[in-house]
1. Give segment 301-337 a look and list any residue that's closer than 20 Å to Arg389 by Cβ, part of a loop (DSSP other than H, G, I, E, B) and of a type in the set (Phe, Trp, Tyr), or say none.
2. For segment 119-152: of the residues being among the hydroxyl-bearing types (Ser, Thr, Tyr) and either open to solvent by 10 Å² or more (accessible area, probe 1.4 Å) or not in a loop (DSSP other than H, G, I, E, B) (or both), which is nearest to Arg180 (Cα to Cα)?
3. Would you mention how many residues in segment 227-243 are hydroxyl-bearing (Ser, Thr, Tyr) and surrounded by fewer than 18 Cβ atoms within 10 Å (Cβ to Cβ)?
4. Need pairs with beta-carbon distance below 6 Å; first residue closer than 15 Å to Ala471 by Cβ and within segment 507-535, second among the polar types (S, T, N, Q); sequence gap 6+ or separate chains.
5. Given the structure, is Leu96 at pLDDT 95 or above and closer than 21 Å to Leu18 by Cβ?
6. What number goes with the only condition from (1) open to solvent by 20 Å² or more (accessible area, probe 1.4 Å); (2) touching a residue at least 40 places away in the same chain (Cβ under 8 Å) that Leu423 does not pass?
7. Which ones in segment 153-162 are surrounded by fewer than 19 Cβ atoms within 10 Å (Cβ to Cβ) and either in a strand (DSSP E or B) or not hydroxyl-bearing (Ser, Thr, Tyr) (or both)?
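The values are calculated or read from the model by the stated rules, or taken from the named source; none is laboratory data. It should be emphasised that the depicted structure is a prediction, and the values quoted were computed from it without experimental measurement. Counting neighbours? That spans all protein chains shown, and the Cβs are built from the backbone with ideal geometry, glycine included. For the accessible areas, the whole protein counts, side chains as well, though only heavy atoms, and no ligand, DNA or RNA atoms are used. Shrake-Rupley method; radii C 1.70, N 1.55, O 1.52, S 1.80 Å.
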Amino acid sequence: MPLLVYDLNGDGLSEIVLGGLNRIYWNEGAGKFRQAPLAEYPVEMFDAAILADFTGDGHVDLVCVSEDRYPRIFEGGQDGKFLQPSRRCARSQLELPKSFTAGDIDGDGDLDLWIGQYKFPYVEGSMPTPFYDANDGFPSVLLVNDGKGNFLDKTDAAGLSKKRNRRTFSSSLVDLDDDRDLDLITVNDFCGFDVYANDGQGKFTDVTDQIVDQKHLFGMGHCFADFDGDGLLDIYGIGMSSTTARRLDHMKLGPADRADINAKRSAMGYGNRLMFGRENTIDRRKQRVYRQAAFNDQLCRTGWSWGTTAIDFDNDGDKDIFVTNGHSSGRSARDYCTRYWCHDVYTGTSQANRELLSLFGDSLRDLHRGEISWNGFEHDVLWMNDRGRGFADAAFPLGIAFEFDGRAAASDDLDLDGRPDLLVVEHSAVDRQTVTYRLHVLRNRLETSNNWIGVQLGESPAGSPIGARVAVTYPGGRQIARVVTGDSFSSQHAATVHFGLGAATRVEAIDIEWASGKKRRLEGPTIRRYMRATP
């Protein structure tokens with residue numbers, strides 16, 4: 001990781017970039033790929049990065065954090081290759097960057113960056129405190145672009161300092177309230193959602209408690225789509241669902257002197273949350289809010305979830321959801337989860353503690369040796385959407401209910417046949433010293449009579465596809481989509497929008513609006529093909 005999927009050379013086919021291997025798999029079509037180094041110069045990066053045009057020349061650049069812990073930019077060329085050495089592009093030194101998201105936050109025409117950081121529990125005998133609202137990690141940073149790929153830390157000035165020490169696994173700059181500027185959502189371990197509204201000038205206000213009714217989860221990844229077909233964007237946030245936490249709640253067990261932890265155990269261990277976008281009227285003013293789906297129990301419990309992607313795998317016109325799961329599968333199914341919920345969650349603080357470091361070392365020894373598991377042997381899930389009325393798992397009949405421990409996940413129509421494919425990174429740890437990764441590319445071979453159409457949003461000096469909104473209108477239906485970054489987990493999706501059309505045989509129009517406000521309408525486009533559009 002990171003797993004980045006993007007059309008680097010503008011030929012309409014998405015390349016696969018594995019940053020941790022310094023590799024590009026150039027897409028040659030029909031499911032064939034050619035392997036090559038990512039850059040002519042060595043690349044060392046943490047397991048998060050982003051592809052976008054940060055210099056405004058119409059070519060895709062790569063920004064990552066290197067082993068010196070500074071953000072660096074590899075400027076791209078016309079053919080999508082990175083031929084020049086990277087350069088330091090910001091003065092902010094980071095510790096454990098886990099999430100990159102880009103967007104024009106201040107309307108000046110260039111792409112800015114939010115980099116979310118993580119901090120592991122147990123390190124030096126510390127534990128996230130409180131476990132349901134921890135703000136004791138390494139600080140995340142908002143970097144504002146000068147238009148040439150040089151960035152300044154504007155976190156304080158933007159109003160994002162108060163909760164910048166979340167343990168963030170994923171985040172996205174995305175227009176959540178349809179006011180044509182990019183808001184910020186962060187998905188955090190030991191907390192859940194944080195949502196910030198943008199005033200259009202790059203100043204943010206924390207609106208989490210006003211617009212989200214169920215914010216708690218051990219947040220890992222997330223994805224966006226209009227899952228119920230009402231024309232409003234919805235959010236699916238994933239984390240860890242715990243049978244142990246539910247069992248302890250049912251038995252009403254827990255230390256009497258830790259009522260705060262006992263009270264939050266149910267919400268934090270509940271699992272994934274599907275939040276539907278809704279219009280509410282507050283003080284005679286319409287406001288966008290996000291409310292948990294009434295049927296959320298159907299799709300909350302996938303296990304210890306990491307990467308996720310919205311995908312219309314059967315082209316029936318509604319977005320389905322893929323989730324990859326599993327934390328640590330050892331040589332035994334004996335599970336550390338009980339130890340965590342009965343002991344560790346009540347132990348320690350945000351401060352280092354040498355005695356607790358020794359204690360945790362003893363209690364975690366079998367897990368680190370691979371003798372036992374922690375949420376191991378959990379199957380991947382494909383939630384099949386029933387027109388926004390509910391979901392059912394279709395992973396087993398489709399042959400993708402893998403039992404390996406998954407991490408990054410993305411979807412893309414790699415062979416342009418109209419059937420979105422899946423990419424999943426497998427994590428395998430025999431012990432803490434022997435960790436391997438494997439990329440699974442899963443080609444969609446499902447045969448249906450359903451139609452489809454897609455749009456590939458290209459790079460241009462006139463504007464980036466990031467932040468664009470796309471709508472397709474056809475007899476009996478209308479769908480929306482957004483081009484966002486930072487979703488899933490240690491992943492990036494291409495700037496390609498795919499729509500299943502079901503039985504519809506024609507499309508009336510495709511409307512595209514870039515983040516700059518520029519618009520384009522494609523009248524009567526041909527179905528079963530991808531259109532290409534730039535500003």
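1. Within segment 301-337, Phe313 is the sole residue that qualifies.
2. Only one residue tops the list, namely Tyr132.
3. Counting residues in segment 227-243 that are hydroxyl-bearing (Ser, Thr, Tyr) and surrounded by fewer than 18 Cβ atoms within 10 Å (Cβ to Cβ) gives 1.
4. Hits for this filter: Glu508/Thr473; Ala509/Thr473.
5. For Leu96, the condition - at pLDDT 95 or above and closer than 21 Å to Leu18 by Cβ - is met.
6. (1)
7. Within segment 153-162, Asp153, Lys154, Asp156, Ala157, Gly159, Lys162 meet the criteria.
Every residue, every condition in (1) at pLDDT below 95; (2) among the charged types (D, E, K, R), yes or no:
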position	(1), (2)
Asp189	no, yes
Phe193	no, no
Gly221	no, no
Thr243	yes, no
